[in-house]
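Below is one structure, written out as structure tokens; the observations come after it.
The values are calculated or read from the model by the stated rules, or taken from the named source; none is laboratory data. This one's a predicted model, so the numbers in the text were calculated from it and none came from an experiment. Note that we place each Cβ from the backbone using ideal geometry, even for glycine, and neighbour counts take in every protein chain shown.
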Amino acid sequence: MTDGNEPPGRYRKYRVLGLLATAELLAMTLWFSVSAVGPELATMWGLSAAETAWLTNAVQLGFVAGALLSAVFTISDVVQPRYLFSASAVVGAAATVVIATSVGSFLPAVVLRFLTGMALAGVYPPGMKIMAGWFRKGRGFAIGVLVGALTVGSAMPHLLRGVGGVGRPTPVLLGASGLAVLGAILVLFVEPGPYQAPAAPFDPSAIRRIAGDRGTVLANLGYFGHMWELYAVWAWIPVYLSASFTANGGETEAFAAFVTFGTIAIGGLGAVIAGVTSDRLGRTTVTSASMIISGSACVAAGFVFGASTLIVVPFVLLWGFAIVADSAQFSTAVSELAEDSYVGSALTFQTAIGYLLTLGSIQLTPIVAESVGWRWAFAPLAVGPLIGTVAMLTLRRLPEAEALAGGRG
């Protein structure tokens with residue numbers, strides 16, 4: 001065993017990285033499991049567009065509630081994170097199994113999706129804390145890998161739907177649940193890292209200190225701008241693609257599902273590459289560049305809509321690559337700026353507020369689409385990356401930036 005002053009062996013820490021990333025990927029298949037089969041459920045249950053949106057929004061809201069409770073009571077820093085991760089993944093999987101086997105209407109599905117979101121608040125932030133406990137040097141890359149795994153996991157239900165789930169929601173939901181349980185088992189084999197702070201006592205003033213730190217506030221503001229765009233695009237890109245393909249002559253629903261999977265999953269590669277790059281060039285540089293590209297794509301989507309598949313597919317893949325590339329680096333920045341003993345709570349607080357904002361953007365996007373069509377539905381999302389870029393460039397000029405990426409800002 002290594003101690004807190006001895007760096008872990010390269011092989012050992014990268015083995016942990018691979019194992020934890022796999023567990024994260026599998027557990028996060030729950031997030032969009034119901035959303036992926038939303039068209040089928042909308043037809044079966046007679047749902048409106050607003051009700052269908054709540055199949056995703058309920059998860060977001062549940063995640064926010066779970067994350068805020070965890071942050072206020074510093075659960076991520078009091079409970080061993082691998083046990084919290086595992087138990088939470090099992091609860092989320094159980095809720096999804098109930099939807100697949102016993103639910104036939106909107107209200108109970110929304111309640112169970114809310115419960116799933118609360119459970120996932122015990123998966124994502126604790127996973128980041130575990131990773132931070134194994135990596136000091138190269139932390140941007142490591143958390144980038146973890147967020148990349150989360151991204152691919154979020155896309156997995158669309159792949160399940162594409163390979164045989166169109167018109168058959170039950171196999172997609174049960175498949176996602178089974179993968180999540182496997183992730184819950186795998187994470188139990190992940191040992192605490194040598195840099196993981198010991199369990200901290202409950203401290204109600206910790207969140208006040210986190211919320212009042214100037215550097216952390218700016219890093220969080222960057223993250224909030226990023227989140228305003230991210231989940232609205234992930235939630236509604238299947239509808240945008242279907243409408244765009246129809247306008248150009250039509251493609252099958254299975255093809256649209258595969259493109260949706262690719263659009264979300266390629267963000268995993270973006271997160272890893274951005275992690276390596278930010279460790280070398282700085283967090284503020286990489287996050288700002290990523291938000292400029294993805295924010296521009298929100299507007300460019302209107303000009304690409306209805307074009308040839310040879311144009312639309314590469315465009316959404318580039319968008320999907322850039323839209324997630326910065327995500328891990330906001331979390332990495334907070335892990336470098338916050339108190340070591342309360343990193344878990346700082347990350348949980350960050351994600352709670354970020355996901356709260358997604359409720360507005362996910363609900364706003366179809367409203368805009370009803371007014372101006374899916375061609376321009378994503379344009380209002382560009383304001384988020386704009387605000388986020390300003391925040392990160394401001395942080396870049398402050399002394400606090402010296403704590404980021406080994407002094408690279």
Fill in the blank from the handout: Of 86, 70, 105, the only residue that is touching a Phe, Trp or Tyr at 6+ places or on another chain (Cβ under 7 Å) and touching a residue at least 40 places away in the same chain (Cβ under 8 Å) is 105
Handout entry: Subset of segment 1-26 that is surrounded by 11 or more Cβ atoms within 10 Å (Cβ to Cβ) and among the basic types (Lys, Arg) - its residue that is modelled with the highest pLDDT
Key = 15
Handout entry: Scope segment 164-184; condition β-branched (Val, Ile, Thr) and either free of Cβ contacts under 8 Å to residues at least 24 places away in the same chain or outside any helix (DSSP H, G or I) (or both); matching residues
Key = 166
Practice task
Collect the residues in segment 368-409 that are within 30 Å of residue 49 (Cα to Cα) and outside any helix (DSSP H, G or I), keeping them in residue-number order.
Solution key: 373, 374, 375, 376, 377, 378
Handout entry: Candidates 348, 285, 358, 365, filtered to the one that is part of a helix (DSSP H, G or I), touching a residue at least 24 places away in the same chain (Cβ under 8 Å) and closer than 19 Å to residue 396 by Cβ
Key = 285
Exercise for the section: Residues being under 19 Å from residue 27 (Cβ atoms), buried (at least 24 other Cβ atoms within 10 Å of the Cβ) and out of contact with any Lys or Arg (no Cβ under 9 Å at 6 or more places or on another chain): count how many of those fall in segment 67-85. Expected result: 4
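Of the residues in segment 189-229, how many are modelled with pLDDT of 90 or more, surrounded by fewer than 22 Cβ atoms within 10 Å (Cβ to Cβ) and farther than 21 Å from residue 131 by Cα?
2
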Completion exercise
Note on segment 164-185: residues among the aliphatic types (A, V, I, L, M) and out of contact with any Pro (no Cβ under 7 Å at 6 or more places or on another chain) are 166, 173, 174, 179, 180, 181, 182, 184, 185
Exercise for the section: Could you tell me which numbered condition residue 353 fails, if it satisfies all but one of (1) touching a Phe, Trp or Tyr at 6+ places or on another chain (Cβ under 9 Å); (2) at pLDDT 90 or above; (3) farther than 23 Å from residue 138 by Cα; (4) in a helix (DSSP H, G or I)? Expected result: (2)
Problem - Number of the condition not met by residue 89 [criteria: (1) crowded, with 24+ Cβ neighbours inside 10 Å; (2) at pLDDT below 95] - result: (2)
Exercise for the section: Might you check whether a residue that is in contact with a His (Cβ under 7 Å, 6 or more places away or on another chain) and assigned to a helix (DSSP H, G or I) occurs anywhere in segment 31-52? Expected result: yes
Practice task
Taking the options 116, 170, name whichever one is among the hydroxyl-bearing types (Ser, Thr, Tyr), at pLDDT 90 or above and under 17 Å from the mean Cα position of the chain (by Cα).
Solution key: 116
Exercise for the section: For residue 333, indicate whether it is modelled with pLDDT under 90, among the aliphatic types (A, V, I, L, M), surrounded by 19 or more Cβ atoms within 10 Å (Cβ to Cβ) and farther than 21 Å from residue 154 by Cβ. Expected result: yes
Completion exercise
Within segment 87-113, the residues that are over 28 Å from residue 44 (Cβ atoms) and under 18 Å from the mean Cα position of the chain (by Cα) are 88
